[in-house]
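To start, the structure itself, in structure tokens.
The values are calculated or read from the model by the stated rules, or taken from the named source; none is laboratory data. Keep in mind that what you see is a predicted model, and the values were worked out from it rather than measured. Please note: Cβ atoms are built from the backbone with ideal geometry, for glycine as well, and neighbour counts cover all protein chains shown.
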Amino acid sequence: MADGVSGSQGVSDSVAHSSSTTHGTADSESWGEGKSEGWSTGKSVSQSQSVGRSQGIGISASEGVSVGAGRGMSGGLSMGLVPGVSIGRSWQTEDDAAIRLTELTRGLEAVLNAASIEGGFMTTALLLATAAGERAAQALAPMAFHGPNVPTPVATILGPDALRIHALAFRPSLTPDRQNPFGIDLLWTQYSTLLTPAMLAAYTCPNIFEEGTAVTIQDKLPPLAFYPELRGEAILGHQVSGETGDLTNAPLRLSREAHFHTAFCGDTGYGKSVAAIRMAYETTLHWQLKTIVLDFGTGWRQLLNAPGLQGHVEIRQISPGGVRPLRWNPLQIGRNILPEVQWRAFSDIFGTIAQLGQKRQIHELREILRRVYLAAGVLVDDPECRNDPAWGAVRPTEAARAGQPVGTPLGLLDRLSRQRLAVARSREVGLAQVYQRIEADLKGIPAKDIRRSMLEGINFRLQPLVQGESALQYAAGADASDINEIVPGDWGVAVLEGGAFLDEFSKAFLLGWAAWQFYTDAVVLRSRSNVTKPAHLQIFFEEANKMLAGLDAKAEGEDGGGASVADQFANMWRDSRKYGIWLHLVTQSPSLIPPGIMSSCNNLFATQLKNSKDRDAVIAAFARSEKGFVDEPWRRFLASLPVARSVVKLGYSMERAHLEPIYMRPLMLTVPEPSDTEIVAALGPITI
């Protein structure tokens, strides 16, 4: 057993100190056998000195050259126990400033190497801010330009006013830096530095920023057009930069030549109605159109206070309890519409919007309405009516209206006289007569007869319109309004409000049926005049899918078939342009709009759409691919549009370059929405 202390000291390129203490016990046994043969010649000199117990200082040197050969054999056995303790110390130092300077130099060398291959840009990054935004800018800039493969860290400093001159000229500041440690002005000036293309891209298009501990990534916008010099009197909003997403001062203008059928699509609350109201206001004011608004609620009444429209706005309610109710008989023949045409159209539109379960129901309704009209002498061109002793000739009360003596057969009257008679006679026919006729028929039909269930379904839909206050509002009578005269004067806006106190079907049917009458009357007048002139009538359909496809319509491809629509509505969208009529739909569900109608809308406004089928319908209308991965950014873009932002396509142009989608913010009509009291004060009361 031995205890010992040892130490050593040396001088080299580095200085080290170490200290160690060991204590151990070893027990070993070994045995070996070997043979060797050799000879050697050597010389050695050694000195040693020891004092005390296992402590010593020694110096030794040896030198020798040996050559030898020999042969021998040895063997042995040994065993020993040797404990020991050792202590040592070592020291190491480094120059941190030199290391950091080396790293910085290597970084600049890497920038130079990249710039020599890819090119470089002497860049001054300036953020222009007001005094109030100075601190915010200093905090936001480092967060915006932080992330992999971007120049970090970024330090913001308050620069002199002279830098504004460089900003206006789009050139970097080359003011030398007095503290430049490298003395290379091309790499390092007071307010600029050399950046590689990748680093410069990080400054010009930052896409990663940090907000606390969260990291948010902003998708790049899909390709969008920017038209700063659009022509047109109607200003619909302002364009948004497709590069930066910032709102600009470039107006989105609409010319009369580019005006066409328009679809406003988007989820509730994102601004589709704001855009529609703005277009209705601008086009009516500048082009003096007749504008009809079929409003499911009460969101369009603010047009009453729109500047320039004073005296050209009418507001009526179709819901019971309205302050200015529309006193209207839906079965009264239009002044310019043939009785047979209106009779068939009523049955088709009523059946389509009601989504009657079987096609035979529409035929049943048509036959019942025909019998009701014949019983009142309305179908003046039907042989049964002309041969009816009671209605086949001019009656005493009708002579003045027909302009012919009493007893003149209907066949001898001209078309205009017969039309006036049909209108007058239809004033005595209302929805209540149809309802009562069905009730009378039901009394003679067995309970299990399928015809009974069909007639009961028709009366179920008619019931809300023939009971209570609605029975008075939509009853027959000479005091009923001619709906085609609702627009005040030669131009202006008429708003039909659905309100909140009428069921969805009744609102959809009444508004849809009113639209058909407005449209058909305008077509007849246009055909008679045979005058080619710009469009003079436009109709806005709020909640258009409920009117055009029925209350229970399903998207194309879903179980239950595609969206159904009356032929009259489909024909309206296809043919209205030739008659100078524009039709505009506003909907939350564009996928429920029949494809033929949607494809007729060359102009399109789209806000956020979260439903995938709705996005596909709009993407297809934008002339993008609704399938595959080619235009996947468009789907993400439409699903994340912020409030009050729209994507617009003005698709009626002779220039293909003008057909690309535009990113914009619609202008809100900033006028107060009038109350019921204010509407009555401005337009006067109406009672039934």
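Each row is one residue, and each column tells you yes or no for (1) free of Cβ contacts under 8 Å to residues at least 40 places away in the same chain; (2) over 26 Å from E542 (Cα atoms); (3) not assigned by TED's automatic domain parsing to the domain that holds P307.
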residue: P446; (1), (2), (3): yes, yes, yes
residue: D449; (1), (2), (3): yes, yes, yes
residue: I458; (1), (2), (3): no, no, yes
residue: Y474; (1), (2), (3): no, no, yes
residue: P488; (1), (2), (3): no, no, no
residue: A500; (1), (2), (3): no, no, no
residue: K507; (1), (2), (3): no, no, no
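Is the stretch 236-253 home to any residue that is modelled with pLDDT of 75 or more, of a type in the set (D, E, K, R) and buried (at least 17 other Cβ atoms within 10 Å of the Cβ)?
Start the filter on the stretch 236-253 by keeping residues that are modelled with pLDDT of 75 or more, which leaves 236-253.
From what is left, the residues that are of a type in the set (D, E, K, R) are 243, 246, 253.
Filter again for buried (at least 17 other Cβ atoms within 10 Å of the Cβ), leaving 253.
Yes, the stretch 236-253 contains at least one residue that is modelled with pLDDT of 75 or more, of a type in the set (D, E, K, R) and buried (at least 17 other Cβ atoms within 10 Å of the Cβ).
Select from the stretch 296-349 the residues that are part of a strand (DSSP E or B) and in contact with a Pro (Cβ under 9 Å, 6 or more places away or on another chain) and write down the one among them that is farthest from A475 (Cα to Cα). Steps first, answer last, please.
Residues of the stretch 296-349 part of a strand (DSSP E or B): 313-317, 325.
When the remaining residues are screened for being in contact with a Pro (Cβ under 9 Å, 6 or more places away or on another chain), the result is 313-317.
Working: V313: 26, E314: 22, I315: 20, R316: 17, Q317: 16 Å.
Checking each candidate, the answer is V313.
I'd like to verify a number: residues in the stretch 569-592 that are within 18 Å of the chain's Cα centre (by Cα) and in a helix (DSSP H, G or I), how many?
Within the stretch 569-592, the first condition is being within 18 Å of the chain's Cα centre (by Cα), and the residues that meet it are 585-592.
Narrowing further to those that are in a helix (DSSP H, G or I): 590-592.
Qualifying residue count for the region: 3.
Can you tell me which residues in the stretch 222-268 are part of a loop (DSSP other than H, G, I, E, B), within 20 Å of the chain's Cα centre (by Cα) and aliphatic (A, V, I, L, M)?
L224
Going through the stretch 429-457 one residue at a time, which ones are at pLDDT 95 or above and in contact with a Gly (Cβ under 9 Å, 6 or more places away or on another chain)?
Across the stretch 429-457, the qualifying residue is only G430.
Out of the stretch 575-622, which residues are closer than 10 Å to H261 by Cβ, touching a Ser or Thr at 6+ places or on another chain (Cβ under 6 Å) and not hydrophobic (A, V, I, L, M, F, W, C)?
Matches in the stretch 575-622: H584, N603.
Could you list, in sequence order, the residues of the stretch 317-341 that are at pLDDT 90 or above, closer than 18 Å to A432 by Cα and not small (G, A, S)?
Taking the stretch 317-341 as the starting set, the residues that turn out to be at pLDDT 90 or above are 317-319, 322-341.
Of the ones still in play, those that are also closer than 18 Å to A432 by Cα are 318-319, 326-333.
Residues satisfying the conditions are I318, L326, R327, W328, N329, P330, L331, Q332, I333.
Do the conditions hold for A475, that is, is it over 18 Å from A354 (Cα atoms) and in a loop (DSSP other than H, G, I, E, B)?
Numbers: over 18 Å from A354 (Cα atoms): yes; in a loop (DSSP other than H, G, I, E, B): yes.
Criteria met by A475.
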